[in-house]
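What follows is a short report on a single structure.
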Amino acid sequence: MAAAYAAIVLTNAALFAAPQLPLEPKHDSGQGITGAFEGWYPNADGTNSILIGYYNRNLKQDLDIPVGPNNKIEPGGPDQGQPTHFLPGRQWGVFTINVPKDFGDKRLT
């Protein structure tokens, strides 16, 4: 888990050092959603919880995406408590995914 965290920190540091790309104009609707890893914390039983948020790039459009091929988390099955209704903009700390203590350097997608 510490290695994954370090990789994210280093990646973010590199992104901040890179030259800025021009920003695309904001859109009221028709844009996608990106999940956001926000950190993790240990649980008393030795498992870990991964904190997830998202960014809905629309300014005015809520999106409803049912659990299924376009809204799933793997491994572990499609439904791990993720939202199906997405508000516009950046939403922080929306849900957690619990992973076993031996999760190590495995990935969630």
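The values are calculated or read from the model by the stated rules, or taken from the named source; none is laboratory data. Being a predicted model, the structure only gives us computed values, none of them experimental. Reconstructed Cβ throughout: ideal geometry from the backbone, glycine too, with neighbour counts over all protein chains shown. The accessibility values were calculated without ligands, DNA or RNA, using every heavy atom of the protein model including side chains. Shrake-Rupley method; radii C 1.70, N 1.55, O 1.52, S 1.80 Å.
Structure above, values below:
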| quantity | calculated |
| --- | --- |
| Cα→Cβ-extended label distance, 7 Å offset, between LYS101 and ASN70, nm | 4.1 nm |
| Estimated inter-spin distance, ASP62 and PHE37, nm [label 7 Å along Cα→Cβ] | 3.0 nm |
| Cα-based convex hull volume of the stretch 52-109 per residue, rounded to whole Å³ | 86 Å³ |
| Accessible area of HIS27 in the full protein assembly, 1.4 Å probe (Å², nearest 10) | 60 Å² |
| Label-reachable residues, the stretch 46-70, where backbone N falls under 11 Å from a point 7 Å from ASP28's Cα toward its Cβ | 59-61 |
| Low-density loop positions, trypsin sites (Lys or Arg not before Pro), the stretch 60-100 - DSSP coil, at most 10 other Cβ in 10 Å | LYS60 |
